[in-house]
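In what follows, a single structure is set out as structure tokens and then discussed.
Every number here is computed from the coordinates shown, using simple stated rules; none is lab data. Just so it is clear, the model here is predicted, and its values are computed rather than measured. Cβ: placed from backbone, ideal geometry, glycine included. Neighbour counts: every protein chain shown.
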Amino acid sequence: DSGVTQTPKHLITATGQRVTLRCSPRSGDLSVYWYQQSLDQGLQFLIQYYNGEERAKGNILERFSAQQFPDLHSELNLSSLELGDSALYFCASSVQGAGDFTGELFFGEGSRLTVL
Amino acid sequence: AQSVAQPEDQVNVAEGNPLTVKCTYSVSGNPYLFWYVQYPNRGLQFLLKYITGDNLVKGSYGFEAEFNKSQTSFHLKKPSALVSDSALYFCAVRDRSNYQLIWGAGTKLIIKP
């Protein structure tokens, strides 16, 4: 058990809809990262938050947004969903934020999104 | 541009035999290199890292990796494979510009009894 909790584990929805994925980081970790894992594109970094502030942005679509709340949990919002958004979405956490990041991430078990 | 390559989509090894999962990188300066493992229906787990020091790094579950600067490689090894080692293995390098991890495509390791 990594200590990172993601909900829901599975989600099935229709094209055009909006969903919210939730992540609680490991106790004491200030950074939260969101990743998308799909069969054809591997593991893609979406966005990182550190102590409530956006720290780094990856290949995140404009239809997607995220935030980190004062209690450090994070939510990833996916809107106007398309078939191609079907993937496994992972949240990870770390103690460090940026230059002090030593590379050890703790991953949740993921939220599997299916868009029909 | 910084990148990581895992040249093998799949590696098959008999139980008890040594295993190697290959990783090469392209990065300017001194790299920070990592290996993660993903078991079926689970999140990724950190295995080991190289930042500086000894070129042979030991990690979890009996795995080790050898940093070779001249060949820009960071291959994952284990002397004797277990069936339970069957999983997806990812190599990663830390991006020097934004400190994020750049991931390889992953290598599926299958250990046959």
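Points to keep in mind about this one:
- Legend: mean number of C-beta atoms from other chains within 10 angstrom of residue C-beta atoms, peptide B:50-61, equals 0.
- With 10 Å bins beginning at zero, the pair-distance distribution over Cα atoms of chain B amounts to 15, 50, 29, 6, 0 %.
- Alpha carbon convex hull of the protein assembly as shown, volume per residue in cubic angstrom: 124
- Per-pair calculated FRET efficiency, R0 = 25 Å: residue B:1 and residue B:52 via Cβ, rounded to 0.05: 0.60
- For chain A, projected area of the alpha-carbon convex hull averaged over all directions, nm²: 6.7
- Remark: for residue pairs A:57/B:49; A:9/B:112; B:49/B:78; A:9/B:77, the C-alpha separation exceeds 27 Å in A:9/B:112; A:9/B:77.
- Summed side-chain charge close to residue A:22 - residues other than residue A:22 whose Cβ falls under 12 Å, Lys, Arg +1, Asp, Glu -1: -1
- The share of Cα pairs per 10 Å bin across region A:54-116, counted from zero up to the longest distance, runs 16, 49, 29, 6, 0 percent.
- For region B:4-113, trypsin sites (Lys or Arg not before Pro) are listed when DSSP marks them as loop and at most 12 other Cβ atoms sit within 10 Å of their Cβ; the list is B:69.
- Region A:47-95: GluC sites (Glu not before Pro) falling in loop per DSSP and having at most 16 other Cβ within 10 Å: A:62, A:82
- Note on residue B:15 and residue B:105: with the Förster distance fixed at 30 Å, the Cβ-Cβ geometry gives a FRET efficiency of about 0.75.
- Arranged from fewest to most other beta-carbon atoms within 10 Å of their beta carbon, A:10, A:73 become A:10, A:73.
- Sequentially through region B:73-88, phi angles give Karplus couplings (6.51, -1.76, 1.60; θ = phi - 60°) of 10, 8, 7, 8, 9, 8, x, 9, 6, 10, 4, 5, 7, 4, 5, 9 Hz, Gly and Pro residues having no value and appearing as x.
- Reach of residue B:58 by Cα under 12 Å, taken over aspartates and glutamates that are not fewer than 8 positions away in the same chain: B:66
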